[in-house]
1. Inspect the range 166-174 for any residue being outside any strand (DSSP E or B), free of Cβ contacts under 8 Å to residues at least 40 places away in the same chain and on the phi < 0 side of the Ramachandran plot and give the result as yes or no.
2. Tell me whether the range 28-49 contains one or more residues that are in contact with a helix residue (DSSP H, G or I) (Cβ under 9 Å, 6 or more places away or on another chain), surrounded by 15 or more Cβ atoms within 10 Å (Cβ to Cβ) and at pLDDT 95 or above.
3. With surrounded by fewer than 20 Cβ atoms within 10 Å (Cβ to Cβ), in the same structural domain as residue 27 (by TED's automatic domain parsing) and modelled with pLDDT under 95 as the only criterion, which of 71, 92 stands out?
4. Does the range 135-147 contain any residue that is modelled with pLDDT under 95, assigned to a strand (DSSP E or B) and over 26 Å from residue 250 (Cα atoms)?
5. Considering only the range 102-111, I want to know if a residue exists there that is outside any strand (DSSP E or B), out of contact with any helix residue (DSSP H, G or I) (no Cβ under 9 Å at 6 or more places or on another chain), modelled with pLDDT of 90 or more and within 26 Å of residue 140 (Cβ to Cβ).
6. So residue 229 clears everything in (1) in contact with a helix residue (DSSP H, G or I) (Cβ under 9 Å, 6 or more places away or on another chain); (2) at pLDDT 95 or above except one condition, right? Which one?
7. Give the residue that is farthest from residue 24 (Cα to Cα), with candidates limited to residues of the range 122-156 that are out of contact with any helix residue (DSSP H, G or I) (no Cβ under 9 Å at 6 or more places or on another chain) and surrounded by fewer than 20 Cβ atoms within 10 Å (Cβ to Cβ).
8. Report, by residue number, each residue of the range 148-160 that is part of a strand (DSSP E or B) and either modelled with pLDDT of 95 or more or over 17 Å from the mean Cα position of the chain (by Cα) (or both).
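The values are calculated or read from the model by the stated rules, or taken from the named source; none is laboratory data. Please read these numbers as outputs of a predicted model, since none were measured by experiment. When we count neighbours, we look across all protein chains shown, and the Cβ atoms used for this are built from the backbone with ideal geometry, even at glycine.
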């Protein structure tokens, strides 16, 4: 999705900017490449700098409920310091490195409903204009993919994915928000938990995997939240089905609460009870291609993402948080 816009700060006759990303999805910690195409206006202009911003649609929880906004989570300068003649066409190639904690927006080609964008800023003659916005597609790292596929093969289902503003205590989290992938329990655990939330905090050495379970209450007790955390190397070779099943067994058998495990808590952004019992999401154990046993998000996740992506331009033109 590419938007060509005249630089409003310069009025009619100013240069235009069009950023085109190289085809294909990128991965957290990987390179993002493309070209910024400029077309000169009716006069010569000095291009002071060309900047790129990574932006995300993020939810925030507070006393009055929830709100949404746009967070800039990385900035790059990819060019500048030249004169663009009237009518001249000029292209600036770039390659930048995504933060390791960049959220994933798709799995096996299926959108998760998370919206990321790359915004281009052009500084000309002392004026700045955020002149171009492109949808950014980020696919899972191999270890993330293996873990989510194991969930699917164990009978868990995908419910939704979102970005939450705040930090998870006791982790090495770098970004001001984290991604939650909400998963419905498999039949084996359906009587014990309402939902499991998976958060990946990737870094150069591997992943911190944070698991949170919304536990069901019994006849004489209320439900509790339980958390656990494990570290996985990027190139670990494991029996992932056995590993993930062990994690979930440990999680649902845990007797503590947020107070007991405060070093894993989500700080001031502790999740209120937003679950609705036995509602099930689309299955994530769906085969993605003939002969490929794997995990893919269901149709509902794709529809939600499509609706969001259709309006991504309007959304990113709105409220900002720098």
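1. The answer is yes, given that some residue of the range 166-174 is outside any strand (DSSP E or B), free of Cβ contacts under 8 Å to residues at least 40 places away in the same chain and on the phi < 0 side of the Ramachandran plot.
2. Yes: one or more hits.
3. 71 is the lone residue from the list that is surrounded by fewer than 20 Cβ atoms within 10 Å (Cβ to Cβ), in the same structural domain as residue 27 (by TED's automatic domain parsing) and modelled with pLDDT under 95.
4. yes
5. yes
6. Residue 229 satisfies every listed condition except (2).
7. The residue in question is 126.
8. Selection gives 157 alone.
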